[in-house]
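The values are calculated or read from the model by the stated rules, or taken from the named source; none is laboratory data. Owing to the predicted nature of the structure, the values given are computational and were not obtained by experimental measurement. Cβ placement follows ideal geometry from the backbone for every residue including glycine, while neighbour counts extend to all protein chains displayed. Side chains are part of the model used for accessible areas, which takes the heavy atoms of the whole protein and leaves out ligands, DNA and RNA. Shrake-Rupley method; radii C 1.70, N 1.55, O 1.52, S 1.80 Å.
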2 protein chains.
Amino acid sequence: MSATSYHAMWEQLNLDIPAHDGLLAVLGKFYGDIYLSQSGRLQGMEYLDFVLSEVHGLRIKELQDAKAAGRKIIGTFCVFVPEELSLAAGAVHIGLCSGAEVGSAEAEQLVPRNTCALIKSFIGFKLARLCPFTESCDLIIGETTCDGKKKAYEAFAEHVPLEILEVPQRKEAADRTLWKSEVLRLKTRLEELTGNTITAEKLQAAIKLVNDKRRALQRLNRLRQADPAPISGRDALLINQVSFYDDPVRFTASINTLCDQIEARIAGGEGVAPAGTPRLLLSGCPMAVPNWKLPFIVESSGAVIVGEESCIGTRNTRDLVSEEATTMDGMIDALVDRYLKIDCACFTPNLERQANIQTMVKDLKADGVLHYSLMFCQPYEHEAIKIEKTLQQAGVPMLAIATDYSMEDVEQLKTRIEAFVEMLK
Amino acid sequence: MSATSYHAMWEQLNLDIPAHDGLLAVLGKFYGDIYLSQSGRLQGMEYLDFVLSEVHGLRIKELQDAKAAGRKIIGTFCVFVPEELSLAAGAVHIGLCSGAEVGSAEAEQLVPRNTCALIKSFIGFKLARLCPFTESCDLIIGETTCDGKKKAYEAFAEHVPLEILEVPQRKEAADRTLWKSEVLRLKTRLEELTGNTITAEKLQAAIKLVNDKRRALQRLNRLRQADPAPISGRDALLINQVSFYDDPVRFTASINTLCDQIEARIAGGEGVAPAGTPRLLLSGCPMAVPNWKLPFIVESSGAVIVGEESCIGTRNTRDLVSEEATTMDGMIDALVDRYLKIDCACFTPNLERQANIQTMVKDLKADGVLHYSLMFCQPYEHEAIKIEKTLQQAGVPMLAIATDYSMEDVEQLKTRIEAFVEMLK
């Protein structure tokens, strides 16, 4: 997707240049088919198209410039790693490549075959030298949210600088204590890495900055309550994906501009699909770039996606950090509490997620839920069973899909999703 | 296996009598083929044969008698649940059925198909009403050792009285704090359930009692260093399995008697296989009754098993609780520390296990390691990859097997294991 002018930079990052060129070509074609082919897109999506086209180019150049200016790059794979701390330490905080089927053969030397596509992908990206984000990192923060990642990080640590953040498994007082000690440990680790002290002033500014990003995404999500749907699920997913690696200030401004356009569109009664088009809530596992398979199938099957109940979606944007505190202690507590609210399937029980899905279905006027699990993702596969029962009781149809990044099951998925959508009409 | 005289008791426990009769018949046949067919067995194994033959009979009768006398029955699926606390509270502490393929269709209504056989089994035993141990329980203590169990317990809790014990994922100071609070919470819960206060005196006696059981099993394991091997791996596994549900005092005495016989056998240079028979260490996931598939294949393939690096093996018996403390606080700390030593794959990192395997290989003079993972058990499947590398560096051959409870892969496993054993000669 990016121009050849970045080849020197990619070589410096030790990427596998021919393979990387190939990856970008495939990604460009894929993006064209899935995104640029849409009609009636909002003008503000041009910014997202540009960011995506420069995902391994200009954005990586910015990271290199930041590094040259003495800033550190922090990579993550999970919404539990508080971006606020990285920013307050003067670092750049980015999500890493994990959405494409690359380096699978290499990855399966390090992790079992029965490992979800996301984990295999981030290891594959590293071993195949195809992710300039990973190669730019001064530190990667892993976490213990699932067995797959927890154990995969042990192998991954032999290839990248890695620190593990322990996420507890319940939400009792003792868990909060553990989690707070982990947040404080991360704070110290980031201060040591960057050489910058995280002052109350800096943390306060970072909390405001990340909250502003979440507020913009919350605004976007609220606007999607409109019927006809003013923006496609594909575009909304892309926005959420880009939120993990774009510059947060620039990103927030661009999303607010886009939301202005959406408001105008809603006022004009316009949308990306006719009013009455079946509306689906997508729920479950995260979809990292360029994992657009399911949204594309859904929106090619006569439905529109109106929400993403996912880490790359509302699980990352629902809750703000309280901005009331001004002392360091108070702000750390606010961070601890906000992150412990996340309704990840790693918790037992995780009743909040059940309630949040019901609320989203209602607010977004969803006609049904498409539950998406990555194959071998035990936490979300388990919850899918329970959520289907709860939704059934509430009279909300749900289709459970377990898939990976391969395209082998596209036709089968299309058949199932078309039948589901037909049933909703 | 048991006589029909228990039918009234089983009916009271609401077992599915015809299905249960069928299960016992299959189990009896299976036990005959795998166990009673062995030649040169130790006389002391008669006790184990008896216990196994009465596993759903006399032992269940004992539990009913205990209940009638006001004692509570605590069921578990994991070595992290401190038996000492149950005993100090005057309760009976037992492991529950999870080693046979029963009720799979019912279980798959509650948990994903991609769930390990052990989890499907305990849910299947409950839903199919086939486990008199589960039906006798006043409380079952689950734990958060893996995603599969953690999430399966949420569904299981709708069918049994369940309490979840949170096992942390690292072994740092903050984790010990969490774990200690969980141990104390369990103590309170057991006191409430039983109506008995856990006094320092009772806890001290319980620590001694459980340590004595571990000491007997440690003694057995040490004796297995002898060549020729004085006891089959099948019999040693059975002993470890029975240790989870037999009366601990009676069991300990019988194992010490058996060890006396083993010592005499070693003194006479006798064994269950000729000196020089390839010796294998079995390592990995637990094997609950009647999961004897792999040991039987191994010992029918010209090798002998000399150790079980497993929860139903040394992971449960390696470490004693320190008996130095006499105060409640001191004993709780001793319990906390002992259980946090467990080298379960749920921890990250889990370097202790690597070291423990190497030590066992050396002490037991094992010629190779057979690593056994239950299919879809991510923690142990991950560790298998790492352990194979470490053992390779140490010049110890390892064969990694991932299987379940079905008999469909027996011939394939036999071929692989025979080839492995041949290589060791």
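Observations on the model:
- Of the peptides B:243-251, A:391-399, B:112-120, the ranking by mean beta-carbon count within 10 Å, highest at the top, reads B:112-120, B:243-251, A:391-399.
- Solvent-accessible area of B:Tyr405, all protein chains in place: 20 Å² (probe radius 1.4 Å, heavy atoms, ligands and nucleic acids excluded).
- 3J(HN,Hα) along segment A:87-96: 5, 5, 8, x, 9, 9, 10, 9, x, 10 Hz, from the Karplus curve 6.51 cos²θ - 1.76 cosθ + 1.60 with θ = phi - 60°, whole Hz, x for Gly and Pro.
- Shielding by other protein chains, B:108-114, mean Cβ within 10 Å: 5
- Spin-label pair B:Glu418-B:Glu323: with each label point 7 Å from Cα along the Cα-Cβ axis, the two points sit 4.9 nm from one another.
- Each residue of segment A:308-421 gets 122 Å³ once the volume of the Cα convex hull is shared out per residue.
- Where B:Glu299, B:Glu422 fall by accessible area, highest first, once all protein chains stay in place (1.4 Å): B:Glu422, B:Glu299
- Net dipole in debye of segment B:266-353 [+1 Lys, Arg Cβ; -1 Asp, Glu Cβ; about Cα centre; nearest 20]: 460
- Cα gyration tensor, segment B:60-193 - rounded (a/c under 1.5), prolate or oblate: oblate
- Close amide H pairs (under 5 Å, H built 1.01 Å from N) link A:Leu139 with A:Ile73, A:Gly75, residues at least 5 positions away or on another chain.
- Across the identical copies, the 7 Å label point of B:Gly302, projected outward along Cα→Cβ, sits 6.4 nm from its counterparts, in ascending order.
- Gyration tensor (alpha-carbon) shape descriptor, segment A:1-116, a/c threshold 1.5: rounded
- The protein assembly as shown, dipole about Cα centre (Lys/Arg Cβ +1, Asp/Glu Cβ -1), debye to the nearest 20: 460
- Overall form of chain A per C-alpha gyration tensor (a/c, 1.5; a/b vs b/c): rounded
- Whichever lysines have a C-alpha closer than 24 Å to that of B:Lys120, once near sequence neighbours (fewer than 8 apart) are set aside: A:Lys149, A:Lys150, A:Lys151, A:Lys386, A:Lys389, B:Lys29, B:Lys149, B:Lys150, B:Lys151, B:Lys293
- Overall shape of segment B:179-275 was characterised from the C-alpha gyration tensor. The equivalent ellipsoid obtained from it has semi-axes of 36, 13, 11 Å, in decreasing order.
- For segment B:175-217, a Kirkwood radius taken over Cα pairs fed into Stokes-Einstein (10 °C, viscosity 1.306 mPa s) yields D = 135 µm²/s.
- Alpha-carbon Debye profile of segment A:235-288, log10 I(q)/I(0) at 0.22, 0.30 Å⁻¹: -1.01, -1.13
- With coordinates expressed along the principal axes, the C-alpha atoms belonging to segment A:356-400 extend over 30, 18, 16 Å, beginning with the largest.
- Overall Cα dimensions of segment A:203-329 - principal axes, largest extent first, Å: 51, 32, 21
- Rounded Å value of the spacing that divides the Cα centres of segment A:58-78 and segment B:365-384: 39
- Mean projected area in nm² (Cα convex hull; one quarter of hull surface) for segment A:218-260: 2.9
- Taken over the C-alpha atoms, segment A:301-352 has Rg and Dmax values of 14.9, 52 angstrom.
- Only alpha carbons enter this Debye calculation for segment A:140-209, each as an equal point scatterer, and the log10 of I(q)/I(0) it gives at q = 0.22, 0.25 Å⁻¹ is -1.06, -1.12.
- Annotation: Cα Rg of the protein assembly as shown relative to the compact-globule expectation 2.2 N^0.38 Å equals 1.01.
- Kirkwood analysis of segment A:127-179, using all unique Cα-Cα pairs, places the hydrodynamic radius at 12.5 Å.
- Between identical copies, the spacing of A:Glu408 label points, each set 7 Å from Cα toward the C-beta atom, reads 1.6 nm from nearest to farthest.
- Reported value for segment A:265-312: 91 Å³ per residue, from the convex hull of its C-alpha atoms.
- Vicinal HN-Hα couplings computed from phi for segment A:352-363 (Karplus, 6.51 cos²θ - 1.76 cosθ + 1.60; Hz; Gly/Pro x): 4, 5, 4, 5, 5, 5, 4, 4, 5, 4, 5, 5
- Distance distribution P(r), segment B:256-379, all Cα-Cα pairs, bin width 5 angstrom from 0: 2, 9, 15, 18, 19, 15, 10, 7, 4, 1, 0 percent.
- Relative to the other identical copies, A:Gln12 shows label-point distances of 8.0 nm, where the label point lies 7 Å from Cα along the Cβ direction and values run shortest first.
- Measure of compaction for segment B:94-162 (Cα Rg per 2.2 N^0.38 Å): 0.97
- In order along segment B:17-27, phi translates into HN-Hα couplings of 4, x, 5, 5, 4, x, 4, 5, 5, 5, 4 Hz, rounded to whole numbers, per the Karplus curve 6.51 cos²θ - 1.76 cosθ + 1.60 with θ = phi - 60° and x for Gly and Pro.
- A:Leu374 accessible area, assembled protein chains, probe 1.4 Å, Å²: 0
- The calculated Kirkwood hydrodynamic radius for segment A:51-127 is 14.0 Å, given to one decimal from all distinct C-alpha pairs.
- Kirkwood hydrodynamic radius of segment B:128-244, from inverse mean 1/r over distinct Cα pairs, in Å: 17.6
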